[in-house]
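Have a look at the structure below, then the notes.
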Amino acid sequence: MTIKLSIGPIQYFWERERVFEFYQQAADCPADIVYLGEVICSKRRLVKVEDWVAIGRELKQNGKEVVLSSLTLLEAASEMGSLRKLCQNDEFMVEANDISAVQLLSTAGKRFVTGPGVNIYNTRSLQVLVNKGLKRWVLPVELGLQPLKDLQAGRPAGVETEVFALGRLPLAYSARCYTARSHNLPKDDCQFKCIEYPDGRLLKTREDEDFLVLNGIQTQSALTHQVLDQLPELENLAVDILRISPQHEHTLEVVDIFDAGRKGVELAPLCEHLLSLLPLGACNGYLLEQAGMQFGSEVSHDTQQAV
Amino acid sequence: MELVCPAGNLPSLKAAIDNGADAVYMGFKDDTNARHFAGLNFTDRTFEKAVRYAQDKGRKIFVAINTFPQPGGFDRWKAAVDQAAEHGVDALILADIGVLDYACNTWPELRLHLSVQASVTSAEGIRFYHENFGIRRVVLPRVLSVNQVAHVTRESPVPVEVFGFGSLCVMVEGRCLLSSYATGRSPNTYGACSPASHVRWEETGDGTNTRLNGVLIDHYGEGEKAGYPTLCKGRFQVGEHTFYALEEPTSLNTLSILPELRKIGVSAIKVEGRQRSPAYVAQVTAVMRTAIDECLRDPENYQPRGKWMQKLADVSEGSQTTLGAYHRPWQ
């Protein structure tokens, strides 16, 4: 089986026209699966649920599998209302990014996907969720090849494994909006500043080192996590899907590169091309069981066992 | 409202109990709990003593086994659950779905609390853990406003515990990977945030640099007091400005909203700080005990006293405290 490619949900706040344009172009790209929806902030309403459904229908007609992604951090009662509505839809499968979505979907007897925001670190957790209707799960981004291998060895029949393969890493979520804070604005009067940063707002150390990216209530890595050079290993481990997380520029070019890789085109030149497209350089430490920000090619021998 | 206090070792446990904690929470000496620091936590022998001390005084013991095991280490988490259960502790504080499943099937009578590390912020989420594993209490993350806590408490199938004092996680717990991004070790995988093994203090010509695995977390000028480089509490550059981009070094303090927390039906107040000294535990427990008692006796006229606030500020990060996300403008 050829490994599948997915386009993850857009993490950023983009202009409405840009969102529509992006998915129009994505309709013809080689990705097999597209995740749609707002996963970061419920105040971002330029694209409404009905719009996502309409985009989803277009993509489906173009042969894509479409999944609707849920909000990652739920706080207000109104957010729970939107989540209920999302989980009640009978047209598309839902990616649960919080356990409350898992609860709503499993009690409704629906099959679902869990995104990187749901913690599945071991086989027993995976088994419990498969019993609840889990069809596909995304490996937590901080886990590397060894736990992936162990999880694949013990995974229940039928469940698909997806790996976050390309993108700025989703590292943390807060009650506080850091983009608003960086403009000295309170969250309740954020003036939708996120729209000015379609790839997030860069945070540097006091030595001018690119470190993190602020994306509303989410904190991401400044470097782009990429696993293309490990493609043969991921195929060996029977990973089903590789996820590409959209950036404002070059996302569909990146999809083409991964597509060429899965079709057997030599990886070294593809990797080189890929690196030239990433905004501030690459990292892959998590996959290699090192600090996430590191970039190398060797699996670490620091196995992080108890001291 | 029950007062739940931290114990990183036997002297802290005694300090908590002697100063009025209703319950004490603790962990074993390995990565099965989220305060996996050198020199901290309990061995078989000290654990037994701790349980006996609490039982003699009629107080409760909760054991935190609240990190996320990977397949290679799962047996260590099972052993921790078994050990705590065999000693007859009052509750386990768990986060991982697999560990919860093991505990509720192996020890069906044992009381389970859902750790803050499970990252649950809604009644629907609580229902998942209640229906599947029979949890009997939930600890809420430090990301909800008081109104949101009230809403969740009203709808929750089980009683709610919230953080009342201590170091402030500004990110929702259980889903923060900042530490492993910089060091390879996170609360989820290793039980430590910004681990001391990766910290470097560096004297420069004009002050001190604090680094985490080489990343500059902050620079302190001459005479400025240097703080521990917890990743989210450093000064960074965003745009033209250098500032505490995520959060100032400050501690959570809920003394001023205790009557509200009581009124909305919060069942327990938790004090953070298993990594802190017995003196910290004694000081904070004593203040919180007095404040809670006064609040319960006469909630209408309750006011936090200046000397309580001072005592808590003395043991706080950066000597300052905040209401954090409970207070909407903080967000």
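The table for this structure:
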read-out: When residues of the stretch B:69-89 are limited to those that are assigned to a loop (DSSP other than H, G, I, E, B) and more than 25 Å from A:L139 (Cα to Cα), the one farthest from the other protein chains (Cβ to nearest Cβ); value: B:G88
read-out: Residues within the stretch B:132-162 that are more than 13 Å from chain A (Cβ to nearest Cβ) and either under 30 Å from B:V281 (Cβ atoms) or within 21 Å of the chain's Cα centre (by Cα) (or both), tallied; value: 8
read-out: Any chance B:T210 is β-branched (V, I, T) and in contact (Cβ under 8 Å) with a residue 24 or more places away in the chain; value: yes
read-out: Condition check for A:E79: surrounded by 15 or more Cβ atoms within 10 Å (Cβ to Cβ) and within 14 Å of chain B (Cβ to nearest Cβ); value: yes
read-out: Hits in the stretch A:169-199 (condition: part of a helix (DSSP H, G or I) and either charged (D, E, K, R) or within 26 Å of A:D259 (Cβ to Cβ) (or both)); value: A:R181, A:K187, A:D188, A:D189, A:K193, A:E196
read-out: Some residue of the stretch B:227-241 being over 25 Å from A:C177 (Cα atoms) and modelled with pLDDT under 95; value: no
read-out: Filter pass, A:L126 being closer than 30 Å to B:G73 by Cβ, assigned to a helix (DSSP H, G or I) and either of a type outside the set (A, V, I, L, M) or at pLDDT 95 or above (or both); value: yes
read-out: Residue match in the stretch A:112-121 (condition: over 18 Å from the mean Cα position of the chain (by Cα), within 29 Å of B:G184 (Cα to Cα) and facing another protein chain (nearest Cβ under 8 Å)); value: no
read-out: Cβ pairs under 6 Å, 6+ apart, first in the stretch B:116-131 and within 8 Å of chain A (Cβ to nearest Cβ), second among the hydroxyl-bearing types (S, T, Y) and assigned to a helix (DSSP H, G or I); value: B:S122/A:S100; B:E124/A:S100; B:G125/A:S100
read-out: Residue match in the stretch A:238-249 (condition: more than 17 Å from the chain's Cα centre (by Cα) and either at pLDDT 95 or above or crowded, with 19+ Cβ neighbours inside 10 Å (or both)); value: yes
read-out: Residue that is of a type outside the set (D, E, K, R), over 13 Å from B:F28 (Cβ atoms), touching a strand residue (DSSP E or B) at 6+ places or on another chain (Cβ under 6 Å) and surrounded by 24 or more Cβ atoms within 10 Å (Cβ to Cβ), where the choices are B:L92, B:L140; value: B:L140
read-out: Selection count, the stretch A:140-168, where residues are within 22 Å of A:F295 (Cβ to Cβ), free of Cβ contacts under 8 Å to residues at least 60 places away in the same chain and part of a loop (DSSP other than H, G, I, E, B); value: 1
read-out: Single condition B:E248 does not satisfy, out of (1) within 14 Å of another protein chain (Cβ to nearest Cβ); (2) over 19 Å from the mean Cα position of the chain (by Cα); (3) surrounded by fewer than 20 Cβ atoms within 10 Å (Cβ to Cβ); value: (2)
read-out: Test: residue in the stretch B:266-280 that is of a type outside the set (D, E, K, R), under 12 Å from B:L255 (Cβ atoms) and assigned to a helix (DSSP H, G or I); value: no
read-out: Of all residues making up the stretch A:196-222, the number that are on the phi > 0 side of the Ramachandran plot and surrounded by fewer than 24 Cβ atoms within 10 Å (Cβ to Cβ); value: 1
read-out: The lone exception for B:I217 - which of (1) facing chain A (nearest Cβ under 7 Å); (2) farther than 19 Å from A:G144 by Cβ it fails; value: (1)
read-out: Some residue of the stretch A:57-71 being farther than 26 Å from A:I257 by Cα and within 19 Å of the chain's Cα centre (by Cα); value: yes
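Quick grid of which residues meet (1) touching a helix residue (DSSP H, G or I) at 6+ places or on another chain (Cβ under 9 Å); (2) modelled with pLDDT under 95; (3) farther than 29 Å from B:S197 by Cα; (4) outside any helix (DSSP H, G or I):
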site	(1), (2), (3), (4)
B:S12	yes, no, no, no
B:A16	yes, no, no, no
B:A21	yes, no, yes, yes
B:A34	yes, yes, no, yes
B:G39	no, yes, no, yes
B:F47	yes, no, no, no
B:A50	yes, no, no, no
B:Y53	yes, no, yes, no
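The values are calculated or read from the model by the stated rules, or taken from the named source; none is laboratory data. The shown structure was predicted, so the numbers you read here are calculated from the model rather than taken from an experiment. No Cβ is skipped: glycine too gets one built from the backbone with ideal geometry, and neighbour counts run over all protein chains shown.
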